[in-house]
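Structure, as structure tokens:
The numbers here are math on the coordinates, done by the rules we state, and not lab data. Values in this document were obtained by computation on a predicted structure and should not be read as measured data. Because the Cβ atoms are built from the backbone with ideal geometry, glycine has one as well, and the counts that use them run over all protein chains shown.
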Amino acid sequence: LNLYSNQLTGSIPTELGNLSSLEVFRLDNNQLSGSIPPTLSKLTSLTYLKLNNNQLSSSIPSGLGDLTSLTELYLNSNQLTGSIPTELGSLTNLQNLYLHSNSLSGSIPTQLGNLTSLKYLYLYGNSLTGSIPSQLGDLTSLQYLYLYSNSLSGSIPSQLGSLTSLTKLLLYSNQLTGSIPAQLGNLTNLT
């Protein structure tokens, strides 16, 4: 179901949660508003969910953690609030997680360290607080880690030195303290 890049308005119908065979669902680049329907958590065949570049508000439904076939989840560039659901740590097939450019708050869930297939983790441009979880050092497939322009504090975890596939590490415009871990010298693929 591809309705992207139109000028669609209004909310996402809750009834779309009945499309139980749906694998690809794209509503990105429209002018949709309202919340993400919790009924989308019934779309357990989904591999690809793109709702980015709309005007969606309220919080991310925790039920999206039930979509364990997902490889791509794009919710960026909306007006989403609240915290990142810990349940997203169940999406172990996920390769791309784009939550940037919203108004998300709270800390980065340690459960995101379970997403060992992840290549792209974009959380920048939110209002996230707390420290960078050391568990992100378990994401050994990660190529891009963008956490900049938040309110993250504490030190840079030395465990990030395990991310030897990283080509981009962007942590600027936060409130990080402490020293630069020597282990970052292991990231020889950084460009």
In terms of Cα to Cα distance under 18 Å, which aspartates and glutamates are near enough to Lys119, apart from those fewer than 8 places away along the same chain?
Glu72, Asp138
Which one of Ile84, Tyr74, Leu112 has its Cα pushed farthest toward the positive end of the charge dipole of the range 1-142, where Lys and Arg give +1 and Asp and Glu give -1 at the Cβ?
Tyr74
What Kirkwood hydrodynamic radius, in Å, does the range 62-191 give when the mean of 1/r is taken over all pairs of distinct Cα atoms and then inverted?
14.5
Per its Cα gyration tensor (rounded if a/c is under 1.5, else prolate when a/b beats b/c, else oblate), the range 1-139 is best filed as oblate
Taking amide H positions as placed in the peptide plane 1.01 Å from N, state which residues far from Leu56 in sequence (5 or more) or on other chains have amide H under 5 Å from it.
Gln79
From the Cα centre of the range 103-131 to that of the range 1-78, the distance in Å is 19
For Leu1 and Leu187, what does the FRET efficiency come to when R0 = 41 Å and r is the distance between their Cβ atoms, rounded to the nearest 0.05?
0.55
In debye, nearest 20, what is the charge dipole magnitude of the range 1-128 about its Cα centre with +1 on Lys and Arg Cβ and -1 on Asp and Glu Cβ, if you could check?
140
Cβ-based net charge around Asn96, under 9 Å, with every Lys or Arg adding one and every Asp or Glu removing one
0
So, over other residues within a Cβ distance under 14 Å of Asp28, counting Lys, Arg +1 and Asp, Glu -1, the net charge is +1
So what's the projected area for the range 1-51, the Cα convex hull averaged over all directions, in nm²?
3.0
Radius of gyration, Dmax [the range 115-191; alpha carbons; angstrom]:
11.5, 30
Return a whole-number percent for the relative contact order of the chain, with Cα pairs under 8 Å and 6 or more residues apart as the contact set.
12
Rounded to 0.05, the calculated FRET efficiency for the beta carbons of Ser59 and Ser141 at R₀ = 41 Å is 0.90
Starting from the Cα of Ser153, move 7 Å in the Cα-to-Cβ direction to define the label point; list residues of the range 87-114 whose amide nitrogen is under 16 Å from there.
105-108
